[in-house]
Amino acid sequence: MDVFALFSICIPVALGLCALAGALTGRLSARHFYALLTTAMLIRSIANIAQGKALYAATDAALTAYYAWRWWKNGGGDDTKRRLRSVAKGFTPTRRTAPTTA
C-alpha cells in the first residue's frame, strides 16, 4: 500500500472518529460536527477520484454535498450570508422597462 492510499484512508477515518467522539461527549456543536464530516468525505472523494474508483467517488461526493448542506443549515454559512447581505446593500435596484414603441 502506497503512502497516498494510507493517508487517504487514515485522515478521513480520524476526522470521522473525532467528529463522532466530539458529538457524543457534547463538546462539538452540530455545525462543527458536519464540518468535520464534510472535510472527511471530501478527502475520501478526492482520493477515490485519484484512484479511479468512480462509484465510491460518486457516493462520497453525494455524502459530501449532504453534510455540507447540513453544515450550512446549522449556521455554518452565517458569516458568508452576512457578508453577501452587506455587499448587496451597496447596490440599488433600477427598474428598466421596455419602450412602448418597440
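The values are calculated or read from the model by the stated rules, or taken from the named source; none is laboratory data. No experiment lies behind these values; they were computed from the predicted model shown. Here Cβ is always computed from backbone atoms with ideal geometry, including for glycine, and neighbour counts include all displayed protein chains. Just so you know, the surface numbers come from the protein's heavy atoms only, side chains and all, with ligands and any DNA or RNA stripped out. Shrake-Rupley method; radii C 1.70, N 1.55, O 1.52, S 1.80 Å.
Quick notes on this one:
- Residues being out of contact with any Leu (no Cβ under 8 Å at 6 or more places or on another chain), within 26 Å of F4 (Cα to Cα), open to solvent by 60 Å² or more (accessible area, probe 1.4 Å) and in a helix (DSSP H, G or I) are represented in segment 17-30 by at least one member.
- From the list A35, A61, A65, the one residue that fits, being in contact with a Phe, Trp or Tyr (Cβ under 9 Å, 6 or more places away or on another chain) and in a helix (DSSP H, G or I), is A35.
- Selected residue [under 27 Å from D79 (Cα atoms) and touching a residue at least 40 places away in the same chain (Cβ under 8 Å)] from A35, A5, A23: A35
- Residue selected from segment 31-56 under the condition among the hydrophobic types (A, V, I, L, M, F, W, C) and under 19 Å from D2 (Cα atoms), by the criterion least open to solvent (accessible area, probe 1.4 Å): A47
Yes/no per residue for (1) hydrophobic (A, V, I, L, M, F, W, C); (2) more than 11 Å from the chain's Cα centre (by Cα); (3) at positive phi:
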{"residue": "T25", "(1), (2), (3)": "no, yes, no"}
{"residue": "Y34", "(1), (2), (3)": "no, no, no"}
{"residue": "T38", "(1), (2), (3)": "no, no, no"}
{"residue": "R44", "(1), (2), (3)": "no, yes, no"}
{"residue": "L55", "(1), (2), (3)": "yes, yes, no"}
{"residue": "A58", "(1), (2), (3)": "yes, yes, no"}
{"residue": "A62", "(1), (2), (3)": "yes, no, no"}
{"residue": "A68", "(1), (2), (3)": "yes, no, no"}
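- Filter result (part of a helix (DSSP H, G or I), open to solvent by less than 100 Å² (accessible area, probe 1.4 Å) and more than 19 Å from Y34 (Cβ to Cβ)) within segment 68-102: S86, V87, A88
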